[in-house]
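This report concerns only the one structure given below.
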């Protein structure tokens, strides 16, 4: 921290090109402090991030998450400068219903990874966090050992009223974390709305965490998730649960066999673990290594990231076109009337759309 | 046909309010014929359709499928006039990979249905039909008995360069068929791109046709289809295939058990049939009856149709907003450059989107 302040101070001077104006008779220490608190420059932050400074990384993420337009523009410059340093990582998405033990798993997995020399960033996508005040990763005490690990960086879900906004912030945060030297990015999500699909579209590997008991706890999970998974990990496979977990593993393996082949050429795997007892964790990492071997040799890894970039480019454009259209007061009002007419069988959805587009 | 011509002739006179002008010394029979060939009025067609006239139904569908703006506007008026007569049917989507026996199944199923007093319309959604010149339903000889059935109406897929266009035309054709008294609408689709999703969004019941051999033939099918199915019907369950079909049934039942519950409250069923030997066909109809009983009692049936209408309303708006945006020459050009910049890691998808939206 001390080192950081020094870097900061000198950077400030460098930026201004002069010493604080003594002629104004202000307390110069106070002046510097106030100014420093206010705004480190883009260059400061970029050089901080790329040299692995966590405080600067956090500050830059705060700018990414801000709605203030000055911050947004600054964030944009930082991200652009960080891009050449990004991309060298494996991005892992982790999802599962509440109660499945996501935090315990991520903590055990994260500690295993830092133990083998990895630098791990844990992010989250939870569009409901504005309302629930951060249901996931909000309470860092749930990962108390990982929080203390100097090779781990944990950041709760950005808040935002739309999934699109939250997803953009997380995607940009991934770039910053990668530029800061984190080589393993874990993105946690809870099954709310379309958030898993969004996370699936920003990771290389998608892991579904489950419990034994198969059919029963599937009720709470969104449709389509099983098909997205590159691995299904059955957690809490210990003690009395072990037998049921083994049976669930067989059942899932059989079910996965019925799914069409993935574009990646990878056949999803089913694995058992006990995050609490730290069992089966290394197997999962090995499985991800196998996945990386297969997908990089086939060039799928790179192609997939390119496709994801195109997806987010088009997705962002289309979301904005829609929000521009629907946010007009006149459209809001007329849309409601047209929906009523369609429901009453007085017009068709197509004629109604035509009408709205010609307003 | 004779009856039809009479209806037509009188309708024409009614519309004109006068006899053909003898003063012009034209052959009046020829005059009427020429005029009739050219353009029956909206009222003619609507009254023809609602009294079950198949020729008028076909003519109106041709207007729906036309790209000529006069035809489009006429089609719009006909559909609006038909709306109060529509909606009283069950709409069944049928999909399956090529070779699964869709045509044979639909013929056997259709003949069973007309045999128990139903009026059956068979439509198709196949966006590739422009290129392949109608790969499905194009060759009506594949359903030669059903074609001759006076209570059946078969119409190949409309052509069109976009799935959105084909889907719109089919949705509007459903309305016309219902107004013409068809109480069972079957919509066939082949697994091309997003066409199953489109068909799923316009039917009450979605049936996936399969063959025994489970895992193997799943390779050709698109992801997500199993989750959409209300029933999986294993066709060609006869002779030497019967044993494998029974095994496949058990395997699918087990797999379906792993899927989350459907909003409809319906648990998808697995059924065996031999379309060729006309075995197991009535079971499928009974199964659909069960489905209708459950979903109408829960009000899901109505809610689902309303949701589908809203879906198509919003979908149409959004497709148009996109096509308006992307069709600009400037955007086309700049989009390509921005994609290249994103791929080269010089900008982010979000910054690129921002740039394009501000052009």
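Kindly establish whether residue B:238 is within 14 Å of another protein chain (Cβ to nearest Cβ) and in contact (Cβ under 8 Å) with a residue 40 or more places away in the chain. When the stated conditions are applied, residue B:238 does not pass them.
Report yes if residue B:243 is away from every other protein chain (no Cβ under 11 Å), loosely packed, with under 15 Cβ neighbours inside 10 Å and under 16 Å from residue B:101 (Cα atoms), otherwise no. Against the criterion (away from every other protein chain (no Cβ under 11 Å), loosely packed, with under 15 Cβ neighbours inside 10 Å and under 16 Å from residue B:101 (Cα atoms)), residue B:243 does not qualify. In region B:316-330, of all residues being assigned to a helix (DSSP H, G or I) and more than 10 Å from chain A (Cβ to nearest Cβ), the one that is nearest to residue B:90 (Cα to Cα) corresponds to B:323. The selection criterion, being crowded, with 19+ Cβ neighbours inside 10 Å, within 24 Å of the chain's Cα centre (by Cα) and at pLDDT below 95, does not hold for residue B:284. For the criterion of being modelled with pLDDT of 95 or more and in contact with a strand residue (DSSP E or B) (Cβ under 8 Å, 6 or more places away or on another chain), residue B:93 passes.
If only one of A:98, A:127 is in the same structural domain as residue A:172 (by TED's automatic domain parsing), surrounded by 15 or more Cβ atoms within 10 Å (Cβ to Cβ) and assigned to a loop (DSSP other than H, G, I, E, B), which one is it?
Values: A:98 fails: surrounded by 15 or more Cβ atoms within 10 Å (Cβ to Cβ).
Within the list A:98, A:127, the selection yields A:127.
Residues that are surrounded by fewer than 24 Cβ atoms within 10 Å (Cβ to Cβ), in contact with a helix residue (DSSP H, G or I) (Cβ under 6 Å, 6 or more places away or on another chain) and closer than 16 Å to residue B:173 by Cβ within region B:101-122 are absent altogether. Could you tell me whether residue A:302 is under 24 Å from the mean Cα position of the chain (by Cα) and surrounded by 13 or more Cβ atoms within 10 Å (Cβ to Cβ)? Yes; evaluated as a whole, the condition is true for this residue.
For region A:61-84: of the residues being within 14 Å of chain B (Cβ to nearest Cβ) and in contact (Cβ under 8 Å) with a residue 40 or more places away in the chain, which is farthest from residue A:176 (Cα to Cα)? Once the filter is applied, the top-ranked residue is A:65. Residues in region B:254-275 that are touching a residue at least 24 places away in the same chain (Cβ under 8 Å), touching a helix residue (DSSP H, G or I) at 6+ places or on another chain (Cβ under 7 Å) and either surrounded by 15 or more Cβ atoms within 10 Å (Cβ to Cβ) or outside the structural domain of residue B:239 (by TED's automatic domain parsing) (or both): B:255, B:259, B:264, B:266, B:268, B:269, B:270, B:271, B:272, B:273, B:275.
Yes or no, residue by residue, for (1) in a loop (DSSP other than H, G, I, E, B); (2) facing chain B (nearest Cβ under 9 Å):
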position: A:264; (1), (2): yes, no
position: A:276; (1), (2): yes, no
position: A:293; (1), (2): no, no
position: A:304; (1), (2): no, no
position: A:311; (1), (2): no, yes
position: A:314; (1), (2): no, yes
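Scanning region A:143-163 for residues that are more than 15 Å from residue A:58 (Cα to Cα) and buried (at least 21 other Cβ atoms within 10 Å of the Cβ) turns up A:143, A:146. Just one residue in the set B:295, B:316 is farther than 16 Å from residue A:338 by Cα, touching a residue at least 40 places away in the same chain (Cβ under 8 Å) and surrounded by 15 or more Cβ atoms within 10 Å (Cβ to Cβ); that residue is B:295.
Any idea which of A:229, A:237, A:248 is under 17 Å from residue A:207 (Cα atoms), under 23 Å from the mean Cα position of the chain (by Cα) and buried (at least 21 other Cβ atoms within 10 Å of the Cβ)? Step by step, each of A:229, A:237, A:248 is checked, and only A:229 is under 17 Å from residue A:207 (Cα atoms), under 23 Å from the mean Cα position of the chain (by Cα) and buried (at least 21 other Cβ atoms within 10 Å of the Cβ). Quick one: would you say residue B:196 is modelled with pLDDT under 95, in the same structural domain as residue B:295 (by TED's automatic domain parsing) and over 29 Å from residue B:114 (Cα atoms)? Judged against the criteria, residue B:196 is not a match.
Could you list, in sequence order, all residues of region B:224-239 that are assigned to a helix (DSSP H, G or I) and either outside the structural domain of residue B:278 (by TED's automatic domain parsing) or modelled with pLDDT of 90 or more (or both)?
Initially, region B:224-239 is screened for residues assigned to a helix (DSSP H, G or I), giving B:225-228, B:239.
The answer is B:239, and nothing else.
If you go through region A:331-344 and keep only what is exposed (fewer than 15 other Cβ atoms within 10 Å of the Cβ) and facing another protein chain (nearest Cβ under 8 Å), you end up with just A:343.
Within region A:176-193, being at pLDDT below 95 and more than 10 Å from the chain's Cα centre (by Cα) holds for A:190, A:191, A:192, A:193.
The values are calculated or read from the model by the stated rules, or taken from the named source; none is laboratory data. A quick note: this is a predicted structure, and the numbers were derived from the prediction, not measured. Note that each Cβ is placed from the backbone with ideal geometry, even for glycine, and that neighbours are counted across all protein chains shown.
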